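Structure, as structure tokens:
Rule-based calculations on the coordinates, nothing more; no lab input. Fair warning: this is a prediction, and the values are worked out from it, not measured in the lab. Heads up, the Cβs are rebuilt from the backbone with ideal geometry, glycines too, and the neighbour counts pull from every protein chain shown.
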Amino acid sequence: MEEVGEILLSTDDLRVEQASVIAVEPLSGKEITLLNGVTFHIAPGDWVQVVGANGSGKSTLIKLLTGHLGMTCRLEGTVHRGFVGEGPIPYVMQHPEAAIVGATPWEDVLIGLEQQGVQEALIGARLEKALQLARLEHIQHRQVTSLSGGQKQLTALAGCIAAEAPLLILDEATSMLDPESRELVLKAVRHLNQLGRAVIWVTHRLEEWEAEDRIVVLDEGEIIYDGHVDGFYEQPNEKDKSICERLGWQPPYVVETALHLRALGYALTPLPLTTEELARAVSAWR
Ligand SMILES: Nc1ncnc2c1ncn2[C@@H]1O[C@H](COP(=O)(O)OP(=O)(O)OP(=O)(O)O)[C@@H](O)[C@H]1O
């Protein structure tokens, strides 16, 4: 066991081995394969970006990892829950409103703690810490109805922190947010990751990636890539397309520019993902 903040974590990885999730229609018994032979590992403290087109199986993977697969789904293969422990874990969804029950962030986190049966003597400190880590202290008593989309996402995040979830999962949590709110949530979660919590960040936004990030790509229920950002954008050889091209996605402009420069023979490793990184790499050539 290893201590991260006040959470005691088993150091075993969460391991999904050759897992298939099959939805079974209750009346007809008809089966649809949502995930097909997926193998996926995550260690305490990791940061993993999960990407894929609509319907590729991202939410199904998240539900499998968090223990929220419905009764109508059948699982084949194995899931070793490791540091995540037994029982379902909370996560932040695209539309957090559905999960927020309190009138204010403070009240919402409090209700969550009471529902989990946390001892009264411990509630105050956990509540305060969760609101602080989610950067909500200054608006903890504001009405939820008056909060921005990002602040609502942070309220849902505070609930996960208060529940001491050792793995924070955000399922396209920033897809509906404006750039400012997105930045707010992304920064808070990156900070929590630096404090030792594992994070799975499901996104469509390639510009949210950082050079060291691990990218897991789902396509039609299968993991077709699990590796660094570079390998996602790079053509594996002259004949084959990159994973990014295979998905039909457009790399951010700065990445396209860097790839052109690489093709011209300029050394750009790691691949710059922001204009600042590209400018720094180019200025080092002088
Ligand atoms: N319980 C279910 N029964 C039947 N089909 C389902 C069920 N749950 C999901 N699906 C289908 O499985 C596929 C994968 O769904 P999933 O929600 O995991 O994809 P996703 O990658 O999260 O998509 P999006 O980006 O649109 O949220 C979709 O085609 C979806 O319609």
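So the values come out like this:
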{"read-out": "Violating pairs (Cα-Cα greater than 29 angstrom) within the set Lys63/Lys187; Lys30/Lys63; Lys58/Lys241; Lys63/Lys241; Lys58/Lys152", "value": "Lys63/Lys241"}
{"read-out": "Residues with amide H under 5 Å from that of Thr104, placed H, sequence gap 5 or more", "value": "Val144"}
{"read-out": "³J(HN,Hα) computed for each position of the range 201-215 - Karplus, 6.51 cos²θ - 1.76 cosθ + 1.60, integer Hz, glycine/proline x", "value": "10, 9, 8, 9, 9, 5, 6, 8, 7, 10, 3, 8, 5, 9, 10"}
{"read-out": "Rounded, prolate or oblate (a/c below 1.5 giving rounded, otherwise prolate when a/b exceeds b/c) for the range 107-201 by Cα gyration tensor", "value": "oblate"}
{"read-out": "Sequence ranges 51-57, 165-171, 215-221, ranked by mean other-Cβ count within 10 angstrom, highest first", "value": "165-171, 215-221, 51-57"}
{"read-out": "Distance in nm between pseudo-label sites at Tyr253 and Val282 (7 Å out along the Cβ direction from Cα)", "value": "1.2"}
{"read-out": "For Val50, residues with placed amide H under 5 Å, excluding near neighbours", "value": "Trp201, Val202, Thr203, Val216"}
{"read-out": "HN-Hα J in Hz across the range 168-174 - Karplus 6.51, -1.76, 1.60, θ = phi - 60°, x for Gly and Pro", "value": "9, 10, 10, 8, 6, 5, 9"}
{"read-out": "Asp46-Glu97 pseudo-label distance in nm [points 7 Å out on the Cα-to-Cβ vector]", "value": "3.5"}
{"read-out": "For a label point 7 Å along the Cα-to-beta-carbon line of Lys241, residues of the range 36-70 with backbone N under 14 Å", "value": "53"}
{"read-out": "Label-point separation in nm, His80 to Arg214, each point 7 Å along Cα→Cβ", "value": "1.5"}
{"read-out": "Gyration tensor (alpha-carbon) shape descriptor, the chain, a/c threshold 1.5", "value": "oblate"}
{"read-out": "Size-normalised alpha-carbon gyration radius of the range 210-286, reference 2.2 N^0.38 Å", "value": "1.14"}
